[in-house]
Amino acid sequence: MTSDVRDTAVKDAARHEARLLWAGNRGLFALLAAARHTGPIARVPKLGWVVTDPVLARRVLNDHATFTMDGEGGVGHLWTQLFGPEMAQFFGGARHAEVRTRARDLFTEDGARSLVERSQGPWYAELARRLAGGETIDVADATRVLAGRLVSDLLGLPTDRDDDAFRAVFAAGERLAGLAMGTTASTELDPEVVERAREIVAEITSGVDAAYRAAGAGTILGRCREMDLGLPLARGLATLLAIAGTETGASGTSRTVALLHDTGQQHALLRDPGLMENAVREGLRVSTPAPVIGRHVARDAEVEGQRLRAGERILLLTYLATTGVGPFDIRREYVPETRQLWFGGGRHLCLGAAVARLQITRMLETLHSTGRPYRVVSRRAARRVLVPTYASLRIETHD
Ligand code: HEM
């Protein structure tokens with residue numbers, strides 16, 4: 001590829017990404033566009049503090065005493081309104097450390113592999129067969145079915161159902177996350193929104209009571225029982241898993257597939273599968289499916305010469321912090337400043353990081369399983385969603 005062609009491909013990939021942000025969430029698009037020029041930390045009227053620098057963002061995520069998850073601005077505030085004060089305990093204190101410690105082995109590389117293979121393995125094999133038979137595949141739809149399968153496994157829902165049942169599980173999670181769309185300016189929910197959210201939660205967690213009683217110790221709900229967490233908190237944690245991993249996982253996967261195609265870099269990956277780890281990391285960095293992380297300012301603090309007051313909120317614009325490094329480049333080495341900021345940082349660092357990476361890896365391996373490259377036949381951005389993504393991304397292999 002000549003450097004002109006390469007530059008055009010990189011611009012093309014960036015344009016598709018920008019379109020996803022614009023179609024998915026106009027408020028987010030505008031905030032990111034405005035904050036590009038504000039410097040590492042700035043105060044934005046009605047929103048609070050915004051941080052765009054990766055090192056500063058990580059400092060905030062590691063200062064758990066000053067920047068908290070519960071209280072206005074933090075995601076724990078939303079969860080507590082749905083599940084009660086036990087959920088605040090989970091996000092804020094000793095309970096959190098206990099749950100993370102007890103669940104750790106379920107989410108290591110090995111734990112992730114057994115979860116992904118158990119819940120999704122046969123589906124990737126089927127996808128490979130369809131591709132080899134010359135079928136056009138909608139990768140975005142596939143990621144929704146796969147996410148529904150993973151969540152059903154985690155939540156004790158039946159796993160021997162047809163694809164539509166898994167699409168419905170995904171859609172329920174999407175509706176619940178969608179209720180958080182209006183919370184950029186405040187995390188205080190209207191009673192009517194709480195009511196709607198509780199109905200969706202009841203649907204998502206319909207298998208949790210039985211699984212909490214009977215699930216084996218090798219499952220997250222079995223561990224919750226061993227810890228005697230009680231059903232309300234187990235339900236809250238199960239919902240957290242369902243929400244945290246579905247839209248983000250689906251978005252990261254389909255956008256990485258598109259980025260590899262649009263930049264033409266899938267050919268390098270086909271030639272050298274040793275680049276897979278880089279490809280997955282770059283896909284996650286450039287898409288950053290959780291583009292904003294919010295925290296509550298619990299006590300007065302000084303950050304980069306700015307005085308932050310207790311009670312304010314702070315938004316870490318992870319999307320800008322990670323994409324500032326440069327465009328998608330499969331040959332880019334690990335960047336120490338960003339580390340894995342797309343998975344957060346500090347004690348709330350994404351529990352499902354290994355699962356997320358593995359899902360992307362399995363999808364890319366499946367798409368390249370015929371030994372031929374794929375091309376995008378058509379694509380459509382999702383509209384009005386919390387996590388920008390593709391509603392449809394149809395691909396087929398070619399010579
Ligand atoms: C590409 C996919 C994913 C991305 C980008 C992502 C991103 C994140 C981020 C940024 C956080 C930290 C939020 C904060 O500090 O406020 C987080 C937390 C979390 N994620 Fe993920 N996530 C992904 C996939 C998953 C998956 C697949 C699962 C589960 C199987 C999962 C489970 C969790 C859980 C349980 C937490 C809360 C951890 C805690 O508070 O201790 N995530 N994720």
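Between a first residue in the range 226-238 that is modelled with pLDDT of 85 or more and a second residue that is within 14 Å of the ligand (Cβ to nearest atom) and not in a helix (DSSP H, G or I), which pairs have beta carbons less than 7 Å apart while being 6 or more apart in sequence or on different chains?
Nothing qualifies.
Find the residue count for the range 122-135, including only residues that are in contact (Cβ under 8 Å) with a residue 60 or more places away in the chain, surrounded by 13 or more Cβ atoms within 10 Å (Cβ to Cβ) and either in contact with a strand residue (DSSP E or B) (Cβ under 9 Å, 6 or more places away or on another chain) or closer than 19 Å to F170 by Cα (or both).
4
Restricting attention to the range 133-153, and to residues there that are among the polar types (S, T, N, Q) and more than 10 Å from S119 (Cβ to Cβ), which single residue is nearest to the chain's Cα centre (by Cα)?
T143
Name every residue in the range 305-331 that is charged (D, E, K, R) and in contact with a Gly (Cβ under 7 Å, 6 or more places away or on another chain), in order of residue number. Please lay out each step first, then the result.
Step one: list which residues in the range 305-331 are charged (D, E, K, R), which gives 307, 309, 312-313, 329, 331.
Selection gives E312, R313.
Could you list, in sequence order, the residues of the range 318-372 that are within 8 Å of the ligand (Cβ to nearest atom) and touching a strand residue (DSSP E or B) at 6+ places or on another chain (Cβ under 7 Å)?
Listed by number, the residues that qualify are T318, G344.
Please verify whether R58 is assigned to a helix (DSSP H, G or I), of a type outside the set (V, I, T), out of contact with any helix residue (DSSP H, G or I) (no Cβ under 9 Å at 6 or more places or on another chain) and surrounded by 14 or more Cβ atoms within 10 Å (Cβ to Cβ), treating the condition exactly as stated. Even if it seems obvious, please write down each step before you answer.
On the way: assigned to a helix (DSSP H, G or I): yes; of a type outside the set (V, I, T): yes; out of contact with any helix residue (DSSP H, G or I) (no Cβ under 9 Å at 6 or more places or on another chain): no; surrounded by 14 or more Cβ atoms within 10 Å (Cβ to Cβ): yes.
It is false that R58 is assigned to a helix (DSSP H, G or I), of a type outside the set (V, I, T), out of contact with any helix residue (DSSP H, G or I) (no Cβ under 9 Å at 6 or more places or on another chain) and surrounded by 14 or more Cβ atoms within 10 Å (Cβ to Cβ).
All but one of (1) open to solvent by 20 Å² or more (accessible area, probe 1.4 Å); (2) in contact with an Asp or Glu (Cβ under 7 Å, 6 or more places away or on another chain); (3) within 12 Å of the ligand (Cβ to nearest atom) hold for V387, so report the exception by its number.
In the conditions (1) open to solvent by 20 Å² or more (accessible area, probe 1.4 Å); (2) in contact with an Asp or Glu (Cβ under 7 Å, 6 or more places away or on another chain); (3) within 12 Å of the ligand (Cβ to nearest atom), V387 misses (1) alone.
Collect the residues in the range 188-201 that are in a helix (DSSP H, G or I) and open to solvent by 60 Å² or more (accessible area, probe 1.4 Å), keeping them in residue-number order.
If the condition is that a residue be in a helix (DSSP H, G or I) and open to solvent by 60 Å² or more (accessible area, probe 1.4 Å), then P191, E192, E195, R196, R198, E199 are the ones that fit.
Looking at the range 315-322, can you tell me whether even one residue there is under 17 Å from the mean Cα position of the chain (by Cα) and either farther than 17 Å from S287 by Cα or open to solvent by 50 Å² or more (accessible area, probe 1.4 Å) (or both)? Steps first, answer last, please.
Filtering the range 315-322 for residues under 17 Å from the mean Cα position of the chain (by Cα) gives 315-322.
From what is left, the residues that are either farther than 17 Å from S287 by Cα or open to solvent by 50 Å² or more (accessible area, probe 1.4 Å) (or both) are 315.
The answer is yes, given that some residue of the range 315-322 is under 17 Å from the mean Cα position of the chain (by Cα) and either farther than 17 Å from S287 by Cα or open to solvent by 50 Å² or more (accessible area, probe 1.4 Å) (or both).
Of all residues being among the β-branched types (V, I, T) and assigned to a helix (DSSP H, G or I) in the range 71-111, which is nearest to the ligand (Cβ to nearest atom)? Just the residue, please.
Restricting attention to the range 71-111, the residues satisfying the condition of being among the β-branched types (V, I, T) are 75, 80, 99, 101, 108.
Those left that are additionally assigned to a helix (DSSP H, G or I): 75, 80, 99, 101.
Details: V75: 5, T80: 13, V99: 8, T101: 11 Å.
This residue is V75.
Assess whether R375 counts as being over 27 Å from V145 (Cα atoms), more than 14 Å from the ligand (Cβ to nearest atom) and in contact (Cβ under 8 Å) with a residue 12 or more places away in the chain. Spell out how you get there, then give the answer.
Working: over 27 Å from V145 (Cα atoms): no; more than 14 Å from the ligand (Cβ to nearest atom): yes; in contact (Cβ under 8 Å) with a residue 12 or more places away in the chain: yes.
It is false that R375 is over 27 Å from V145 (Cα atoms), more than 14 Å from the ligand (Cβ to nearest atom) and in contact (Cβ under 8 Å) with a residue 12 or more places away in the chain.
Filter the range 230-265 down to the residues that are within 13 Å of the ligand (Cβ to nearest atom) and of a type in the set (D, E, K, R), then identify the one that is nearest to R149 (Cα to Cα).
Ranking the candidates gives E247 first.
Please state which one of R213, R167 is under 21 Å from the mean Cα position of the chain (by Cα), at pLDDT 90 or above and open to solvent by 50 Å² or more (accessible area, probe 1.4 Å).
Values: R213 fails: under 21 Å from the mean Cα position of the chain (by Cα).
Exactly one residue qualifies, and that residue is R167.
Would you check which residues across the range 285-311 are open to solvent by less than 20 Å² (accessible area, probe 1.4 Å), of a type in the set (G, A, S) and more than 15 Å from the ligand (Cβ to nearest atom) and list them?
Within the range 285-311, A301 is the sole residue that qualifies.
Of the conditions (1) surrounded by fewer than 19 Cβ atoms within 10 Å (Cβ to Cβ); (2) touching a residue at least 24 places away in the same chain (Cβ under 8 Å); (3) away from the ligand (no atom under 16 Å from the Cβ); (4) part of a helix (DSSP H, G or I), A185 satisfies every one except a single condition; which number is it?
Status for A185: all satisfied but (4).
Pull out all pairs, ordered by first then second residue, where Cβ-Cβ is under 6 Å, the residues are six or more apart or on different chains, the first lies in the range 94-108 and is touching a residue at least 24 places away in the same chain (Cβ under 8 Å) and closer than 13 Å to M227 by Cβ, and the second is hydroxyl-bearing (S, T, Y) and within 9 Å of the ligand (Cβ to nearest atom).
Within 6 Å, no pair qualifies.
Please work out which one of (1) over 25 Å from S119 (Cα atoms); (2) under 21 Å from the mean Cα position of the chain (by Cα) is the condition R375 fails and give its number.
Only one criterion is unmet by R375, namely (2).
Anything in the range 375-384 that is open to solvent by less than 70 Å² (accessible area, probe 1.4 Å) and part of a loop (DSSP other than H, G, I, E, B)? List them, or say none.
Result: A382, single match.
Filter the range 239-272 for residues that are open to solvent by 30 Å² or more (accessible area, probe 1.4 Å) and touching a His at 6+ places or on another chain (Cβ under 8 Å) and give the result.
L270, the sole residue that qualifies.
Look at the range 138-162 and say how many of its residues are more than 14 Å from the ligand (Cβ to nearest atom) and open to solvent by 10 Å² or more (accessible area, probe 1.4 Å).
9
The values are calculated or read from the model by the stated rules, or taken from the named source; none is laboratory data. Remember, predicted model here, so these are calculated numbers, not experimental data. Here the Cβ is made from the backbone with ideal geometry for all residues, glycine too, and neighbour counts use every protein chain on show. For the accessible areas, the whole protein counts, side chains as well, though only heavy atoms, and no ligand, DNA or RNA atoms are used. Shrake-Rupley method; radii C 1.70, N 1.55, O 1.52, S 1.80 Å.
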